[in-house]
1. In the calculated pair distance distribution of the stretch 67-156, what percentage of Cα-Cα distances lie above 15 Å?
2. Under the rule of -39500 (n - 2.57) per DSSP H run of 4 or more residues, summed and divided by the residues of the chain, what mean residue ellipticity at 222 nm is obtained, to the nearest 500 deg cm²/dmol?
3. Per-residue HN-Hα couplings for the stretch 98-115, Karplus 6.51 cos²θ - 1.76 cosθ + 1.60 at θ = phi - 60°, whole Hz, x for Gly and Pro?
4. Could you state the number of Å between the C-alpha centres of the stretch 293-369 and the stretch 72-149?
5. Return one number: the angle in degrees, 0 to 90 and rounded to the nearest 10, between the long axis of the Cα atoms of helix 13-36 and the longest principal axis of the Cα atoms of the chain.
6. Once R0 is set to 35 Å, what does the formula 1/(1 + (r/R0)^6) return for the Cβ-Cβ distance between V42 and K93, expressed as a FRET efficiency to the nearest 0.05?
7. Using protein chains only and a probe of 1.4 angstrom, how many square angstrom of H323 are accessible, to the nearest 10?
8. Show log10 I(q)/I(0) for the stretch 179-240 at q = 0.14, 0.18, 0.26, 0.28 Å⁻¹, two decimals, from a solvent-free Debye sum over equal Cα scatterers.
Amino acid sequence: MATTHSAEKEFGGALGATCIPVFLPLTVLYLLSVCRSPAASVLQWPPPLPPAAQLWDPLAAVLVVGWITLQSFLYLLPIGKVSEGLVLRDGSKLKYPINGFHALSITAVLLIVCLWLGMPLGYLFELILPLAVCAIGVSYLLSMYLYIRSFWAPQHALSLGGNTGNPLYDFFMGRELNPRIGDFDLKYFCELRPGLIGWVVINLGMLMKEVELRGSPSLAMQLVNGFQLLYVTDALWNEEAVLTTMDIVHDGFGFMLAFGDLAWVPFTYGLQAMFLVVHPQSLSTLGAAGIILLNGIGYYIFRKSNSQKNQFRRDPTHKSVAHLETIATATGKRLLVSGWWGFVRHPNYLGDLLMALAWSLPCGMSHILPYFYVIYFTILLIHREARDEKHCRAKYGLAWDTYCRRVPYRILPYIY
């Protein structure tokens, strides 16, 4: 058994790690229930709690297991290139298949076939609560498996932040950094495959439900589906970039990531589409054009800044980044202080937030529920920025202080 580390605890420590695995799954089910209710008010009393019979359907269990099996099969297909991750503590590098976009494309073809055969994808609206229950159950089972198997992992394979010796906290954060079954990387697979692709499939189901109810999809529904499909497609097209993110490099694989990937993302990120099924909205051409412009600006900032960062990490001498001003650090690495990363410290977060707002605006201004994502995401990114800040200050020391003086704003220029 590995020795423990006295790492500073995050997310409220042991108390947070005990409460979050209880309250976040309940939050998912509550939000879905509110979204389907006529009032769609998060503060209505009594809350619109569904009867227990509506929380389970054997078909939902079959669909969730079948979906994960399909995405696992697509992950294992020998298509696309293979990339190396960053250097691990033992000096080794893991190899990862870069075929997420292929998986999305094959899934799209299968969905087209399903529609051609007349399969009622709109029935996903009726199944949404049982599907969420099953996804939550899978995330719990996976997390328990990950925690138990981590005690047979070598010391160098453990995550420093999830190896504290407190069982509840370590279960939540994840003890093992890169758990694998053979060459199948469990964390990397869950990060971008079943939940992210599942999100747009659920969105499509909501669009088809609207077609059933009203004869055609509304402009608002088309915008929500289009914006979020662009986001997911971009993530999978640029899948290699995830290999340098905090989730892959720093965080262990425990309940936090398992639940987030498999349940939180597909069932809360797309609340707007579900809201529009029950609460249709009309959009003017001018209003739609403004929302498209906002999403376009956000996407441009998000993609350009991420591409610049990823290119610099991979090859600082590349012609697209070689001219940028940098600061030397004691680790031998350099920090960007010009280009997008001289504008604010996290320009990609700024782009993310602009897109999040654009996803919610098609739902109108009469309800706060469709804005849950942008509110939650703002809190998440501020918290993630604080984690990044702490990690970078510990890693780069005085060089990070110099960078912060050069680039004083964290996410929003002249405000934050």
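1. Percent of Cα pairs beyond 15 Å in the stretch 67-156: 76.
2. Using -39500 (n - 2.57) per qualifying helix, the result is -19000 deg cm²/dmol.
3. 9, 9, x, 5, 4, 4, 4, 5, 5, 4, 4, 4, 4, 5, 4, 4, 4, 5
4. Using only Cα atoms to place each centre, the spacing works out to 26 Å.
5. With rounding to tens, the tilt is 30 degrees.
6. Step by step, r from the Cβ atoms, then E = 0.15.
7. The accessible area of H323 comes to roughly 130 Å².
8. After summing over all Cα pairs, the log10 values are -0.51, -0.69, -1.04, -1.11.
The values are calculated or read from the model by the stated rules, or taken from the named source; none is laboratory data. Only a predicted model underlies this, so the values are computations on that prediction, with no experimental measurement involved. Cβ: placed from backbone, ideal geometry, glycine included. Neighbour counts: every protein chain shown. Keep in mind that these areas ignore ligands, DNA and RNA; they rest on the heavy atoms of the full protein, side chains included. Shrake-Rupley method; radii C 1.70, N 1.55, O 1.52, S 1.80 Å.
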